[in-house]
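The values are calculated or read from the model by the stated rules, or taken from the named source; none is laboratory data. Keep in mind that what you see is a predicted model, and the values were worked out from it rather than measured. Positions of Cβ are generated from backbone atoms using ideal geometry, with glycine treated the same way; all protein chains shown enter the neighbour counts. Areas reflect the complete protein model, heavy atoms only, side chains present, ligands, DNA and RNA absent. Shrake-Rupley method; radii C 1.70, N 1.55, O 1.52, S 1.80 Å.
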Amino acid sequence: EKGGYDHFMLKEIYEQPRSVRDCMRGRIYPDSGEVQLGGIKEYAEKLKNVDRIIIVACGTSWHAGLVGEYLIEEYARVSVEVEYASEFRYRNPIITEKDIVIAISQSGETADTMAAITLAKEKGATIFGICNVVGSSIPRISHAGVYTHAGPEIGVASTKAFTAQVTALTLLAFYIAKLRGQIKRSDLTYLLTELNNIPNEIQKALAANDGIKQIAHHFTGSRNCLFLGRGSGFPVALEGALKLKEISYIHAEGYPAAEMKHGPIALIDEEMPVIFIATKNSSYEKVISNIQEVKARKGVVIAIVTKGDKHVKAIADYVIEIPESNEAFLPLLAIIPLQLLSYHIAVMRGCNVDQPRNLAKSVTVE
Ligand code: M6R
């Protein structure tokens, strides 16, 4: 049932070229620049005129929501707020009939997320679900939605569900952008062509596994770890930190790289591994200066870089390459090495990666 892999988590990491492809299947038409989302098409008019989208979720799904915020704001130019479902539901949120509230949930059964959309629905908002488990509770409460089609996820640490959620949100961003006339047909055709090729690029990112395993050996005794990124690399950093802490029990935190100097920099010494998302994109130069700040304090730097990178390689202690891609798709590639790194560190520490202590696959209590 683990398909020859030692753990479900590893199997699910390796399934991502397929699960991302399945999420896009029948939904994108690169040649004609079309995105079809059958589950929400009845609400096209509402999406066209919406002023604000609120995303509610927990854990990894909340991280996917942050990536969605970047994409929807960038391409569709609609203001997005991303909320922890647990906080949203208890603070008398301001919601009107004009709002669209999107719940993101792998299981579709998370109690806090269900409660958040039940509340928003009572206040008249339109509710969309982005869920993996077909027929689960959240899709039933929602007015409409998009299934992620990642297939069953058994490992408690979410991997392929995350990349499928990000894929669904990418499709949604382009769909809304097109509805609102925010994107040129030629740009959309180009982006959809690139997106269509992302499963192949994920496959290439997975090929770094042996090198990642070697790097993992150096960090099995670490007690703390910092993950830093900018732009959509920031939610990737958060997700990388969550993966490491939940399966290896190493304390890890994700931060926007620029926030380092407002506090976390005090933690840096030769015992502190710092993992940077340092790919070639609009924040590349700035991330390089953040890496220099860490090196100046003797921190150990592991950098996720674009294939062929030279500048970061010259200053980082370890680098892991991912294929070059448009910035829009960076999270789908950059998360792959972080999933693998956490996996190997946890296995080397003798942890039960598929069923970490104190955690359940779906959190149906508040
Ligand atoms: O099923 P959901 O996506 O609603 O679950 C949300 C979180 O409980 C979940 O993502 C959790 O954080 C995972 N263990 C992360 O790997």
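Normalised by the residues of the chain, what does the relative contact order come to in percent, with Cα pairs under 8 Å and at least six apart?
On the way: 752 pairs, mean separation 72.4, N = 366.
With pairs under 8 Å counted, the relative contact order is 20 percent.
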- Message: So if I average 1/r over every pair of distinct C-alpha atoms in the range 137-268 and take the inverse, what Kirkwood radius in Å does that give?
- Response: 17.9
- Please give the length that would be gained between residue 360 and residue 296 if that part of the chain were fully extended, namely 0.36 nm times their separation in residues minus their C-alpha to C-alpha distance (nm, one decimal). 19.0 nm
- Query: Can you pull the percent of Cα pairs in the range 1-61 with separation above 18 Å?
  - Reply: 64
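At a Förster distance of 30 Å, what's the computed FRET efficiency of residue 284 paired with residue 213, Cβ-Cβ distance as r, to 0.05?
0.65
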- Query: Near the amide H of residue 52, under 5 Å away, which other amide H atoms are found, from residues 5 or more places off or on another chain, if H is placed in the peptide plane?
  - Reply: 100
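Express in nm, to one decimal, how much length is gained between residue 261 and residue 187 on full extension, taking 0.36 nm for each residue of separation and deducting their alpha carbon distance. Please report the intermediate quantities before stating the final value.
Working: separation 74, 0.36 × 74 = 26.64 nm, distance 3.69 nm.
Once the chain is fully extended between residue 261 and residue 187, it gains 22.9 nm.
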- 25 Å Cα cut-off, lysine pairs counted over the range 1-138 (separation 8 or more, or different chains): 12
- Task: Please find, in a Gaussian network model of the chain (springs between Cα atoms separated by less than 10 Å), the residue of 50, 274, 80 whose mean-square fluctuation is greatest.
- Result: 50
- Virtual spin-label span in nm between residue 220 and residue 73, 7 Å along Cα→Cβ: 4.2
- Note on the structure: Listed by chain and number, the aspartates and glutamates with an alpha carbon less than 14 angstrom from that of residue 243, same-chain partners under 8 positions apart left out, are 12, 253, 354
- Item | Whole-angstrom gap from the range 44-100 to the range 188-256, using each part's C-alpha centre | 24
- Task: Kindly provide the pair-distance distribution of the range 259-366 built from C-alpha pairs, with 5 Å bins from 0 and whole-percent values in order of increasing distance.
- Result: 2, 11, 18, 18, 17, 15, 11, 6, 2, 0
- Would you mind calculating the gained length between residue 90 and residue 154 on full extension (0.36 nm times residue separation, minus the Cα-Cα distance), in nm to one decimal? 20.0 nm
- Note on the structure: Of the accessible area of the range 34-83, computed with a 1.4 Å probe and all protein chains kept, carbon and sulfur make up a percent value of 41
- In the P(r) worked out for the chain, what percent of Cα pairs fall beyond 32 Å? 29
- Item | the range 328-346-the range 115-133 distance, computed between alpha-carbon centres (Å) | 30
- Descending packing, highest mean Cβ count within 10 Å first, for 65-76, 162-173 is 162-173, 65-76
- Note on the structure: Phi-derived 3J(HN,Hα) across the range 55-68 with the Karplus relation (6.51, -1.76, 1.60, θ = phi - 60°), rounded Hz, x for Gly and Pro, is 9, 10, 5, 10, x, 4, 5, 5, 5, 4, x, 5, 5, x
